[in-house]
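The values are calculated or read from the model by the stated rules, or taken from the named source; none is laboratory data. Predicted model, so just to flag it, every value in this text is computed and none were measured. Here the Cβ is made from the backbone with ideal geometry for all residues, glycine too, and neighbour counts use every protein chain on show.
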Amino acid sequence: MNSLVTQLFGISLVALLTTIAGGQTPAPRKIEGVWEKVTCPFDSSKALLPVTCGRLRVPENYDEANGRTIEVAVLVVSAPRKRSSDDAVIFLSGGPGSPALVHVETLVATEAIREVVVDRDWVFFDQRGGGRSVPALFCQPDPDYVKQTKNCRDQLVRQGIDLSQYNSKRISQDMEALRKALGLRQWNVWGASYGSRLAFTYARYYPATTRTLLIDGPYMPEEQERVSDLQGAEIVINKIFSKCYAEAACAARYPDLRGRFLAALPRLRQQPLAAENGQIDDERVMDFMIGTLYGGAVPTFERRVQTVLAYADAAARGDGQVMLQIEQKLTADTPPRPQLPEQARWHEGQNASIDCHEEKAFESIDEYVVAASRSEMVRSQLGPRGGQSSMQRCALWGAGRADPVENTRVYYDGPILALTGELDPTLSGAAGYKIEMIYANARHVVFRNAGHVQFYIRTYNYSEEELPYRRCALELGRQFLSDPRATLDTRCSDTRKFRLAP
C-alpha cells in the first residue's frame, strides 16, 4: 500500500499520515559521522578565544550505506565562562549559498567575538556544498544565465557529485551527526535568513535535541518563497510610503507618492525610459528599490530609505535622468566588497541545489500569474518573462524533488525567538508575525527602522548605525538562551530613528 500511495500522490504513506495528523516526521534512521580534529586553515594563534577546527566525514547520501562520503568543515569557539557544557549554539548561515567559516576565522581575531561567544560554546560550519566543506559547489559567474547554469551543473556532475543530496534535510542530518560527534545533549539553533528555514527543518526531524530556535530574518518551510518574497517587498515599500505620508516634510516633498508610483509602473512597462546604460522599465525600478533596502551598511539605512523615496518619486514623474543619477550616486557611495577567497564567496551550485530541490519544485508559473494579477509591484518584480528564468534554471539543474513534507509547516513545541527588521524587503517581516501566532512558545521582536537580519558574522563594512542593533540581537539572544521563558528587555530594538526627507 505504501508504494501505491507513493505512486498516486508522490509522498510516502508515513509522510502523508504525518502531514494529515499535523505531527512530526520521524527522524531519518541513519546518522553517521566520523569526526577528526585538524590544524586550522588560518593563523589560530591570533584568535582571542580558544578555537577547535575539525572535519566531519558523512555520507553524501545517508540512504546508501557504502556510497560516496563528503566532508563538512567545522570551527568551534569556546566560551570564556560556560553556563552549560552540553547545549552549545550552532549558527546557520543564509543564502542558501553563503559560506560561514572564512568570515568566522576573521571574526575570532577581533574584539567582536567576545560579544558573540560569552557563556556558551558556538559551533560554526560550512553547510555541505559550501565554503571549506568538500566538495564545494562553487562555480565562476557568467553573465549568460543559461550558460552559467549548464556549465556549473556539468562541471559538478563530472566530479561525481549527486546534486540531489545537497539540501536542508541532508544538512540537518549532518548537524545531528555533528552533535553526536561533539558529545552534546542538545543544540540551541541560531539561523539567519535561509539558516532559519534550515533551523526549522532540523527541528522537524530532531525536536528532542533542539533546545531552542533563534531565527533572525525568518523564513518558513511552508512559504512559497518567490511569491512571498515579492509580497514582502510590496508590504515594506507601501509601509515606507505610509511613513512618508505621516511625516510632514516628506509628505510635502513627495505628495501622493504611492498613487503616483503605482500609476507609473504600467507606463514604464509599456514605454521604458531611455538611459545611458540601457532602458529603465518597471522591473529595473523595483529591482533597484529592493536592492537598495537589502544592501549593505554603508550608506546607512536612513540614506537608503531616503534614496528609495527619491527614486520612486523620479519614477512617478518619468524623470529617467534623475533616476540614473540616483543609481550612480548609490553605487559611488557604496564601498566595494573586499576581495574574498573562493571559500568565502557565493556558491551558486549550493544555492541551486537547495532552491530547486525544496522550493521551486513546489512553485509554478500559474501561481506567479495569479500573484501578478493582484499587484502591480509583484508583476513588475516578476519581469517580462513572469519569473520563468528561475523555473528554467531548475529544469536544467537536476536536483530532484524533495518529499512534499519538506514544504509543510514544522510543528515544534520548544521555545522560539524570532527577530525581524521593520523594513525588511523580503518574506521575513510577515513571517515573524506568523511565527508568534502559530507557535505557543514563540516570541517576536521587531527592530524599528531596520532591514534584513540583525546579526551577521561578517566583520567588514559595519557602520556606527548598524552596530547597536547587532549588539541588541546578541544581548536578546543571550537573555533568551539563559532562560527561554523569562521576560525579555527589548528596548534596545526600538532605538533607531531617522528622517525620511533629508
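Computed quantities for the displayed model
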quantity	calculated
Filter result (over 22 Å from S389 (Cβ atoms) and outside any helix (DSSP H, G or I)) within the range 134-166	V134, P135, A136, Q159, G160, I161, D162
Qualifying positions in the range 421-440 - in a helix (DSSP H, G or I) and in contact (Cβ under 8 Å) with a residue 40 or more places away in the chain	S428, G429, A430, A431, G432, K434, I435
Unique match (being under 30 Å from N188 (Cα atoms), of a type outside the set (S, T, Y), part of a loop (DSSP other than H, G, I, E, B) and in contact (Cβ under 8 Å) with a residue 12 or more places away in the chain) among A418, A402	A402
In the range 55-79, residue surrounded by the fewest Cβ atoms within 10 Å (Cβ to Cβ) [restricted to those that are over 22 Å from Q343 (Cα atoms) and touching a helix residue (DSSP H, G or I) at 6+ places or on another chain (Cβ under 7 Å)]	N61
Residue pairs meeting the criteria (Cβ under 8 Å; at least 6 apart or on separate chains; first more than 19 Å from F301 (Cβ to Cβ), in the range 225-239; second outside any helix (DSSP H, G or I) and of a type in the set (V, I, T))	D229/T426
Sole exception among (1) in contact (Cβ under 8 Å) with a residue 24 or more places away in the chain; (2) part of a helix (DSSP H, G or I); (3) within 28 Å of V298 (Cα to Cα); (4) of a type outside the set (K, R) for E475, by number	(1)
Selection from the range 304-326 of residues that are surrounded by fewer than 18 Cβ atoms within 10 Å (Cβ to Cβ) and charged (D, E, K, R)	R317, D319
Residue within the range 441-448 that is part of a loop (DSSP other than H, G, I, E, B) and in contact with a helix residue (DSSP H, G or I) (Cβ under 6 Å, 6 or more places away or on another chain) present	yes
Close pairs from the range 129-145: first under 22 Å from Q392 (Cβ atoms), partner part of a helix (DSSP H, G or I) and modelled with pLDDT of 95 or more, Cβ under 6 Å, at least 6 apart	G129/Q350; L137/L156; L137/G349; L137/Q350; C139/C152; C139/E348; C139/G349
Among residues of the range 267-279, those that are under 14 Å from P384 (Cβ atoms), of a type in the set (S, T, N, Q) and outside any helix (DSSP H, G or I), counted	2
Complete set of residues in the range 252-266 that are in a helix (DSSP H, G or I) and loosely packed, with under 15 Cβ neighbours inside 10 Å	A252, G259, A263, P266
Residues satisfying the stated conditions in the range 90-116, i.e. crowded, with 23+ Cβ neighbours inside 10 Å, part of a loop (DSSP other than H, G, I, E, B) and among the hydrophobic types (A, V, I, L, M, F, W, C)	A100, V108
The range 379-410, subset among the hydroxyl-bearing types (S, T, Y) and at pLDDT 95 or above, residue farthest from the chain's Cα centre (by Cα)	S380
Some residue of the range 230-251 being at pLDDT below 95, surrounded by 19 or more Cβ atoms within 10 Å (Cβ to Cβ) and of a type outside the set (K, R)	no
Qualifying residue in the range 209-218 (condition: surrounded by 22 or more Cβ atoms within 10 Å (Cβ to Cβ), within 30 Å of Y368 (Cα to Cα) and either modelled with pLDDT under 95 or in contact with a His (Cβ under 7 Å, 6 or more places away or on another chain) (or both))	yes
L198 at pLDDT 95 or above, outside any loop (DSSP other than H, G, I, E, B) and surrounded by 23 or more Cβ atoms within 10 Å (Cβ to Cβ)	yes
